[in-house]
Amino acid sequence: MPELAWLRIALSGLVLLSGMLGVMTTPSLAEVAELGAPLRGPAPYSPTGADLSYPQCGLPLPFDQAFAVVGLNYGRDNTLNPCFGEELSWAALQTTGDSPEPDVSVYLNTGDPGNSYLGELVSDWPSAGITPFGSCLAARLSLHFPASGQVSLSCAYQYGFLKATQDLAWLRVAAARDNLPTAPAAYPIWLDVETSNSWESATELNVADLQGMVAALQGSGVTAIGVYALPAQWQAITGGANSLAFGSFPGLKDWILGADSLQAAQAECSQPPFVGSAVALAQFPTGTFDGDYGC
């Protein structure tokens with residue numbers, strides 16, 4: 001039998017067997033249009049990942065993401081996402097790693113409510129603590145609110161420091177439960193800064209709050225820290241503070257949202273950073289969760 005004819009029969013048999021077994025996961029022999037034609041190369045490299053948090057509780061999680069960013073909080077800076085442990089484990093075990101981005105990152109909600117919000121005392125607003133801005137001190141608000149911390153740079157800094165400290169404690173517990181690395185330094189941390197959370201009208205207080213969060217993260221060994229925001233919202237909340245406003249930490253990176261497609265997210269990578277040294281991630285919608293493009 002001529003070798004060429006034999007080879008064609010063999011190829012046909014292999015394709016038939018592959019179809020019977022339901023195994024057509026890689027570019028198949030059938031995709032070689034003709035003998036002698038050049039083989040197709042791998043699909044174009046696309047470093048896309050996903051970010052998940054409490055809205056995805058109970059939903060099927062994707063299994064084909066290169067990396068993942070998991071939300072630790074339940075929409076507010078003093079709450080815990082009830083599915084955080086499950087989602088953190090998914091991110092560690094099910095992402096493919098086919099990207100320069102770290103397989104697993106974590107994002108934290110932020111906020112600076114002051115000592116009262118919508119007429120109610122903020123129960124976890126600090127009234128003591130030594131900060132780079134001096135001491136956070138108690139103040140008498142009224143007969144209804146007999147004592148609380150002052151609305152000051154020092155108390156705002158202390159509030160952010162304490163929120164990040166609590167977040168890292170939650171992270172350690174969730175990681176230990178699933179035998180994942182418990183050191184906070186194992187996870188890049190993103191700060192979610194959006195106007196949907198509570199903020200002071202004085203932007204310098206909000207910057208001090210974020211400085212406190214960064215200091216707590218640094219003190220726990222976290223070296224990869226970034227900010228997730230719309231540039232316009234970052235401007236409204238912080239007055240446009242850049243990385244120099246964060247003292248000894250000039251290496252913050254940007255995660256930008258607002259793109260309506262993967263192509264638009266790719267274009268966001270060329271935008272000037274709004275706070276840090278570069279745009280590292282760009283978010284885009286992908287259905288029941290958000291996709292992210294690694295710049």
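What the phi angles of segment 163-175 give under the Karplus curve with 6.51, -1.76 and 1.60, with θ = phi - 60°, is a coupling list of 5, 5, 4, 5, 4, 5, 5, 4, 4, 4, 5, 5, 5 Hz, glycine and proline written as x.
For residue 286, the residues whose amide H sits under 5 Å from its own are 291, ignoring neighbours fewer than 5 places away on the same chain, with H placed 1.01 Å from N.
Here the Karplus relation 6.51 cos²θ - 1.76 cosθ + 1.60, evaluated at θ = phi - 60°, turns the backbone of segment 59-69 into coupling constants of 8, x, 9, x, 10, 10, 9, 5, 8, 8, 10 Hz, with x for every Gly and Pro. Basic side chains Lys and Arg get +1 at the Cβ, acidic Asp and Glu get -1 at the Cβ, and with that the dipole of segment 149-208 about its Cα centre reaches some 280 debye.
Between segment 257-291 and segment 153-196, how far is it from one alpha carbon centroid to the other, in angstrom? Between the Cα centres of segment 257-291 and segment 153-196 lies a distance of 23 Å. Relative contact order for segment 48-294: 17 percent, from Cα pairs under 8 Å spaced at least 6 residues apart, divided by residue count.
Using only the Cα atoms of segment 165-295, build the gyration tensor, take square roots of its eigenvalues as a ≥ b ≥ c, and label the shape rounded, prolate or oblate: rounded if a/c is under 1.5, else prolate if a/b is larger than b/c, else oblate.
Values: a/c = 1.68, a/b = 1.12, b/c = 1.50.
Cα axes put segment 165-295 in the oblate bin.
3J(HN,Hα) couplings calculated from phi for segment 207-220 with the Karplus curve 6.51 cos²θ - 1.76 cosθ + 1.60 (θ = phi - 60°) are, in sequence order, 5, 4, 4, 5, 4, x, 5, 4, 5, 5, 5, 4, x, 9 Hz; Gly and Pro show x.
FYI, it's all coordinate maths here, none of it is from the lab. For clarity, every value in this text was computed on a predicted model and none was experimentally measured. Please note: Cβ atoms are built from the backbone with ideal geometry, for glycine as well, and neighbour counts cover all protein chains shown.
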